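**Q** Attaching a single structure in structure tokens format; questions to follow.
Every number here is computed from the coordinates shown, using simple stated rules; none is lab data. None of the values given here were measured: they were computed from a predicted structure. Cβ: placed from backbone, ideal geometry, glycine included. Neighbour counts: every protein chain shown.
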Amino acid sequence: MARAATTADTFNAVAEPRRRQILDLLAGGERPVNDLVHLLGLAQPQVSKHLRVLREVGAVQVRGDGRQRLYRLNGHALKPIHDWVKNYERTWSERFDRLDAVLDELKQEEDDDGGGHE
Amino acid sequence: MVAGTSSGTATVTLPADDQILITREFNAPRHLVYRAWTTPELVMRWWAADRGTMTIAEIDLRVGGAWRYVMTANGGFEVAFHGEYREIVPDERIVLTEVFEAMPEAEALDTVTFTGVDGRTRVQILVQHTSKQFRDAHINSGMELGLQKALDLLEEVAVSLS
């Protein structure tokens, strides 16, 4: 299968549970790699590999601070995922708009039946 | 959690890797929302939204009873779902299994909760999948319909230009 475009790559990057965990940790603020290694209980090369994937799709950004490298979340790059859910949400919104109309009718019928006065 | 949900928009959140939570408030009492949700003739009128025509709504509303919804989407293809009722508390809660027939291996467990709030009703649908992969595919199925709708519009425009 053809390699997907950049949008899909964000999905792939975020699909991996460990990388989602990294994003969760970074959601609390900027952290050095060592912190992540410690919190995830993984070997440093593994964490670095995950961070590289996340960096390539722009989900995280890095800056050097002396000898430390600090990673932070880049919410903007995660927008495709937000949009993805939005589309699903739209299907339900359309469905529920119809349901609103059905409910208005049911309410009207009930008022007509049970009201007793015209 | 979702304070002051205005009617008009459904709110979708992903509480866990394998879950979808859909929330919406309706300006009608609980028993009417429940009736519209569980009566085939009424489901026929809303479930397909503007995306197609519903052809089948079978609801055997008892524990162990089966349900099946089929719609012909605007693009001409058929979209079908079915499942089984697991728990029924009238006007309050329905627990059911849900299978998208194009993806039969992904069976979800849905919990639909109806909560009364001052004559209004909040509906929450919690979709529990067995894996993140199936959860994601479920969300994508909505995308296909959306895409189909876009293609239909495109076709209309193209025809009007020809």
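**Q** For chain A, what is the relative contact order in percent, using Cα pairs closer than 8 Å and at least 6 residues apart in sequence?
**A** Across chain A, relative contact order equals 24 percent.
**Q** Let me ask you something else. Could you tell me which trypsin sites (Lys or Arg not before Pro) in segment B:1-91 are loop residues by DSSP with no more than 15 other beta carbons within 10 angstrom of their beta carbon?
**A** B:Arg62
**Q** Also, I was wondering about something else. Any idea how far apart A:Ile81 and A:Ala27 come out in nm if each label point goes 7 Å out from Cα toward Cβ?
**A** So the two model labels end up 0.9 nm from each other.
**Q** Using label points projected 7 Å from each Cα along Cα→Cβ, tell me how many nm separate A:Lys107 and B:Arg45, to one decimal.
**A** In this crude label model, A:Lys107 to B:Arg45 measures out at 1.4 nm.
**Q** Here's a follow-up. So which GluC sites (Glu not before Pro) in segment B:7-102 end up in coil per DSSP with only 14 or fewer other C-beta atoms within 10 Å?
**A** Of the GluC sites (Glu not before Pro), the ones in loops of segment B:7-102 whose Cβ has at most 14 other Cβ atoms within 10 Å are B:Glu92, B:Glu101.
**Q** In segment A:17-116, which GluC sites (Glu not before Pro) are in a loop and have at most 14 other Cβ atoms within 10 Å, using DSSP for the loop call?
**A** Nothing satisfies the criteria.
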